[in-house]
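This report refers to the structure that appears directly beneath it.
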Amino acid sequence: MERFIASFFENEKIEYFASTAISAEYVGIPRKLPQYAKFVTVFLIPYKTDVSDRNVSFYAVPRDYHFYIKELRERFAEKMRLCGIDEKADFFADNSPFFERKLACDLGLGFVGKNGLIINEKYGSYVFIAEIVTERKIDLSCGKKTERKECLGCGKCIFACPSQCLGGKDLTASCMSELTQKKRLSPDEAELVKNHYLVWGCDVCQEVCPHNANAKSSPIGFFNEKLVAHLTKNAVSSMNDEAFAERAFSWRGREVILRNIELSDIL
């Protein structure tokens, strides 16, 4: 099983992965964990794409990464079947039962920055965290580990934050990414969204981070295909329902993203 998982990840161009036994210190929502699960393989999914003229966060330029996880799960199950492996396994991402950042950091896949994001030595903070849980023991020694253990602590992310929500500056402030996803905005919040350079999400704390200065783009095909980097009213309105549903900005409906575009005076 170890060799199978290692081969699967390498073929998927996922470099940073490692496994461990599941212990209580890593489980935040026990009810979500399958009863059979005894071991977890955590991996990082790099998503950054080289694009220009974007007005959405890097993570929203390709299709919603949950579609990638779905495709990954299906390929994993099919390859297990073809290899004659009759074992239980399941994927988690976003709605994970684990304390994902602690799990990834303890396994040497990165460290947590002042902005609360996990930072990998190669891909910076432009990564998603996901896991596979299994019943059989997995002892992977091929997952690459980061050498840098701590954030530089320069505070650039804190000072650059457009809503001043980092570093305890304003305990009532919301992240700009959260504001662009709210259905109802106060006048002050609407002004922040109007003056923001993105109509969905926020990358400011990542863009000023020294650890991201040389962050590599994703080698994974999914994150380099069907890109939508710049949104306009016409682009959003003309998307059919299926195409719109594939985008990260779709979960709040067209009204929210169209409102943000209108606030930004984009035709």
Inset, instruction - Name every residue in the stretch 111-125 that is in a loop (DSSP other than H, G, I, E, B) and out of contact with any helix residue (DSSP H, G or I) (no Cβ under 6 Å at 6 or more places or on another chain), in order of residue number. - result: GLY113, GLY116, LEU117, GLU121, LYS122, TYR123
Inset, instruction - Can you tell me which residue within the stretch 56-74, out of those that are surrounded by fewer than 19 Cβ atoms within 10 Å (Cβ to Cβ) and in contact (Cβ under 8 Å) with a residue 40 or more places away in the chain, is farthest from the chain's Cα centre (by Cα)? - result: GLU71
Inset, instruction - Restricting attention to the stretch 7-18, report how many residues are open to solvent by 10 Å² or more (accessible area, probe 1.4 Å) and either among the acidic types (Asp, Glu) or farther than 15 Å from VAL127 by Cα (or both). - result: 5
Inset, instruction - Quickly run through the stretch 97-113 and pick out the residues that are closer than 14 Å to PRO210 by Cα and surrounded by fewer than 18 Cβ atoms within 10 Å (Cβ to Cβ). - result: VAL112
Inset, instruction - Need at least 2 residues that are without any contact (Cβ under 8 Å) to a residue 40 or more places away in the chain and surrounded by 15 or more Cβ atoms within 10 Å (Cβ to Cβ) per element, so show me which helices (runs of 4 or more DSSP H) inside the stretch 144-238 make the cut, counting only ones lying wholly within it. - result: 176-179, 187-195
Inset, instruction - Restricting attention to the stretch 239-267, report how many residues are surrounded by fewer than 18 Cβ atoms within 10 Å (Cβ to Cβ), touching a helix residue (DSSP H, G or I) at 6+ places or on another chain (Cβ under 8 Å) and outside any loop (DSSP other than H, G, I, E, B). - result: 4
Legend entry - Test set (1) over 30 Å from CYS151 (Cα atoms); (2) under 18 Å from the mean Cα position of the chain (by Cα) - ALA243 fails condition number: (2)
Inset, instruction - Would you mention how many residues in the stretch 40-61 are farther than 20 Å from ASP139 by Cβ and not in a loop (DSSP other than H, G, I, E, B)? - result: 6
Inset, instruction - Would you mind stating whether ALA37 is more than 30 Å from TYR197 (Cβ to Cβ), in a loop (DSSP other than H, G, I, E, B) and small (Gly, Ala, Ser)? - result: yes
Inset, instruction - For the stretch 7-26, indicate whether the set of residues that are among the β-branched types (Val, Ile, Thr), under 25 Å from ILE119 (Cβ atoms) and over 19 Å from the mean Cα position of the chain (by Cα) is non-empty. - result: yes
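The values are calculated or read from the model by the stated rules, or taken from the named source; none is laboratory data. Everything numeric here is computed off the predicted structure, so don't read it as measured data. In this analysis, Cβ positions are derived from the backbone assuming ideal geometry, glycine residues included, and neighbour counts consider all displayed protein chains. For the accessible areas, the whole protein counts, side chains as well, though only heavy atoms, and no ligand, DNA or RNA atoms are used. Shrake-Rupley method; radii C 1.70, N 1.55, O 1.52, S 1.80 Å.
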